[in-house]
Each structure stands twice: as C-alpha cells, then as structure tokens.
C-alpha cells in the first residue's frame, strides 16, 4: 500500500503544487512596461485617459493631426482648409486652424475622446474680423464632430452677442466635411 501511495499520491501532489502556486503574472513574465500612466492587467496594457496603443505610447490626438481639405456649408458651400495639431497644454486637446479662400480664418481648440469624436467648448474666436459680415464685439464658437478614417465631419455654431453700437445678436450653424 505504501508503494502504491508513493507512486501515485506524491507525484500528483508535486504536480499540483508546482503548477498552481507558482504561476507567474503575464505582465511580469513578458516584462510589459505600459507608458503614460497605463497599467498592465492580464498581459496587456489598460491605458490612462487620452492615450492608446499596445503600450499606451500614443496620444489619442495623434490620428487627428495633419492637413485636411473640404467644404463647409451654411447657406452656400465654401472650400476650406483645416490644419490640426496636437495641443501642448493637455494630452486630449487638439488645435484646429481653419482657412477659407487661402486666408487664415480662425483658430480654436477641441477635446478628443477615444471613440474618435471631439468637442469644441464655447470659446472666443481668435480672428473675428468681419466674420460672416457680422459686426460684433464678441464672436464665440462651439461645436462637435467625429473622425472616421481620414475624414473629419463637424458642426460649428458661431454666436455673436449684441454689441455696444447696437448690432443684433446672431447664431449661425455651419456643417463641414474635410479629408486628409
């Protein structure tokens, strides 16, 4: 009986102890080093907000950067050029510079989300000189959009407040589609 016990139980116990108690964490085993505040879980990186990639090495804004050409439409279609750069202020921000008819028109910033959408919070336009033939002391912009492959589709709202000279307030909705 002792021989039978030694032949079956001891090898089985050794097998169970060596395979279950010494399993190495896949993150440590594969020496996975997640970047930019990412954390390794079950052998892959879980990225912090505003970063993506297998090691969280890329800002989510990276896919947006570049030059785009297309049209904006409110009452008529206008050819536009949109340049997108990553913001130095925050990892989830991009800077958009819009040019119409080869002339710089406006610059504004947007927050980017992991699903490819972006949000332009209410902000004062940098260049508001006679925009849309609007005479106003303050011209604000806000809107949203979505990136699919190499195309940005967006809706912008331009809002002019009444000014001290008596010009009325105005709100204008513009849709755009530009491609890299």
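One table, with the values for the structure above:
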| quantity | calculated |
| --- | --- |
| Condition check for residue 34: surrounded by 14 or more Cβ atoms within 10 Å (Cβ to Cβ) and either closer than 20 Å to residue 112 by Cα or modelled with pLDDT under 90 (or both) | no |
| Residue list for the stretch 92-108, restricted to those being at pLDDT below 85 and outside any strand (DSSP E or B) | 101, 102 |
| Within the stretch 154-174, considering residues that are modelled with pLDDT of 85 or more and surrounded by 16 or more Cβ atoms within 10 Å (Cβ to Cβ), the one nearest to the chain's Cα centre (by Cα) | 154 |
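The values are calculated or read from the model by the stated rules, or taken from the named source; none is laboratory data. Computed from a predicted structure; not experimentally measured. When we count neighbours, we look across all protein chains shown, and the Cβ atoms used for this are built from the backbone with ideal geometry, even at glycine.
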